[in-house]
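Novice: Here it is: the structure, laid out below.
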Amino acid sequence: MNIHVNTGTVDSPLGGGGEFLQMDIDVDYLILLTNGSASVADGQPIPSTTQLNQAGLVLTGVEQTCSKYFIADNSANLLKQLDNMGAGNKRYVVAFDFTESATATEPVLEAWDDITMDSVDSICLGDGTPSSSWIAGICTTDASPTPGWPGSRLAGDTSSHYLLLNSGNGALVAPKTLYAQLKVVVPATEINGGNEQPIMVVKYTTVA
């Protein structure tokens with residue numbers, strides 16, 4: 001399974017006109033919580049932690065939906081803006097390409113504090129309360145979301161806090177590309193800032 005992100009503006013599927021970048025999951029990463037800046041912008045070198053902090057959202061006491069999303073493309077040492085990611089009604093944003101075989105279970109997308117996948121204590125994941133996670137996602141494999149879609153708050157593996165990537169239709173019986181859309185919503189009540197690095201995980205069981 002390979003993960004691709006649409007770095008263009010055309011909302012078309014993988015292999016069908018969209019400008020998709022295959023992620024190197026060992027070194028590439030998404031930047032989901034930023035206002036952007038001169039240094040945190042499309043085509044700029046991958047920024048330092050200090051530059052990312054300087055470009056972070058400012059807590060205002062009002063709910064904020066992040067409007068800028070990037071991928072740090074390590075091979076090119078560049079940021080690429082993900083114009084279609086966010087609260088709009090774009091369908092082909094993150095592609096999960098199952099090219100080699102069927103699966104025994106339906107692939108799911110989860111968010112965790114770190115690779116141990118045993119906690120969701122990060123502030124952005126709800127500080128232990130999954131329903132308060134800032135990261136929202138929606139499966140778009142079968143259809144586009146509506147503008148301002150609510151989606152599911154992603155944190156851990158409890159019910160309603162992960163995404164079924166095949167639209168709840170179960171295991172894959174043949175190779176297939178699945179799609180999801182993501183956004184970050186910072187609650188009005190949030191008073192804590194920080195630099196957090198949660199992970200996104202795709203889980204599934206293979207056919208023996």
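The values are calculated or read from the model by the stated rules, or taken from the named source; none is laboratory data. Because the structure is predicted, anything quoted here is derived from the model rather than measured. Cβ atoms come from the backbone with ideal geometry, glycine included; neighbour counts cover every protein chain shown.
Novice: Give segment 107-146 a look and list any residue that's more than 19 Å from His4 (Cα to Cα), touching a Gly at 6+ places or on another chain (Cβ under 8 Å) and of a type in the set (D, E, K, R), or say none.
Specialist: Hit for segment 107-146 is Asp121, nothing else.
Novice: Report, by residue number, each residue of segment 94-124 that is under 16 Å from the mean Cα position of the chain (by Cα) and closer than 23 Å to Gly168 by Cα.
Specialist: Val94, Ala95, Phe96, Asp97, Pro107, Val108, Leu109, Glu110, Ala111, Trp112
Novice: Asp73 is checked against (1) acidic (Asp, Glu); (2) touching a residue at least 60 places away in the same chain (Cβ under 8 Å); (3) closer than 20 Å to Val202 by Cβ and fails just one. What number does that condition carry?
Specialist: Of everything listed in (1) acidic (Asp, Glu); (2) touching a residue at least 60 places away in the same chain (Cβ under 8 Å); (3) closer than 20 Å to Val202 by Cβ, Asp73 misses just condition (2).
Novice: Right, here's the next one. Output the residues belonging to segment 10-37 that are under 17 Å from the mean Cα position of the chain (by Cα) and either among the polar types (S, T, N, Q) or assigned to a strand (DSSP E or B) (or both).
Specialist: Hits for segment 10-37 are Phe20, Leu21, Gln22, Tyr29, Leu30, Ile31, Leu32, Leu33, Thr34, Asn35.
Novice: So which residues in segment 178-205 are in contact with a helix residue (DSSP H, G or I) (Cβ under 8 Å, 6 or more places away or on another chain), within 27 Å of Phe96 (Cβ to Cβ) and of a type in the set (D, E, K, R), if there are any at all?
Specialist: Across segment 178-205, the qualifying residue is only Glu196.
Matching residues to (1) within 24 Å of Tyr92 (Cβ to Cβ); (2) modelled with pLDDT of 95 or more; (3) among the hydroxyl-bearing types (Ser, Thr, Tyr):
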| site | (1), (2), (3) |
| --- | --- |
| Gln22 | yes, yes, no |
| Leu32 | yes, no, no |
| Val40 | no, yes, no |
| Pro47 | no, yes, no |
| Gln54 | no, no, no |
| Val58 | no, no, no |
| Tyr69 | yes, yes, yes |
| Lys80 | yes, yes, no |
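Novice: Given the structure, is Ser12 free of Cβ contacts under 8 Å to residues at least 12 places away in the same chain, farther than 23 Å from Val185 by Cα and not β-branched (Val, Ile, Thr)?
Specialist: So Ser12 fails the test.
Novice: While we're on this one: Condition test on Ala72, is it aliphatic (A, V, I, L, M) and crowded, with 17+ Cβ neighbours inside 10 Å? I'd like the intermediate steps shown before the answer.
Specialist: Numbers: aliphatic (A, V, I, L, M): yes; crowded, with 17+ Cβ neighbours inside 10 Å: yes.
The answer is yes for Ala72.
Novice: Quick check on segment 36-49. Is at least one of its residues small (Gly, Ala, Ser), in contact with a strand residue (DSSP E or B) (Cβ under 9 Å, 6 or more places away or on another chain), without any contact (Cβ under 8 Å) to a residue 60 or more places away in the chain and on the phi < 0 side of the Ramachandran plot? Don't jump to the end; show me each part of the working.
Specialist: So the first thing to find is which residues in segment 36-49 are small (Gly, Ala, Ser), and the list is 36-39, 41, 43, 48.
If we keep only those that are in contact with a strand residue (DSSP E or B) (Cβ under 9 Å, 6 or more places away or on another chain) too, we end up with 36, 39, 41, 43.
Subsequent filtering for residues that are without any contact (Cβ under 8 Å) to a residue 60 or more places away in the chain retains 36, 39, 41, 43.
This time we only want the ones that are on the phi < 0 side of the Ramachandran plot, so: 39, 41.
Yes, segment 36-49 contains at least one residue that is small (Gly, Ala, Ser), in contact with a strand residue (DSSP E or B) (Cβ under 9 Å, 6 or more places away or on another chain), without any contact (Cβ under 8 Å) to a residue 60 or more places away in the chain and on the phi < 0 side of the Ramachandran plot.
Novice: Examine segment 190-202 for a residue that is of a type in the set (A, V, I, L, M) and at pLDDT below 95, and state whether such a residue exists.
Specialist: Here is the first cut: in segment 190-202, the residues of a type in the set (A, V, I, L, M) are 191, 199-202.
Filter again for at pLDDT below 95, leaving 191.
Checked against the condition, which is being of a type in the set (A, V, I, L, M) and at pLDDT below 95, segment 190-202 yields at least one hit.
Every residue, every condition in (1) of a type outside the set (Val, Ile, Thr); (2) exposed (fewer than 15 other Cβ atoms within 10 Å of the Cβ); (3) not in a loop (DSSP other than H, G, I, E, B), yes or no:
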site: Ser39; (1), (2), (3): yes, no, no
site: Gly43; (1), (2), (3): yes, yes, no
site: Pro47; (1), (2), (3): yes, no, no
site: Val58; (1), (2), (3): no, yes, no
site: Val62; (1), (2), (3): no, yes, no
site: Gly86; (1), (2), (3): yes, no, no
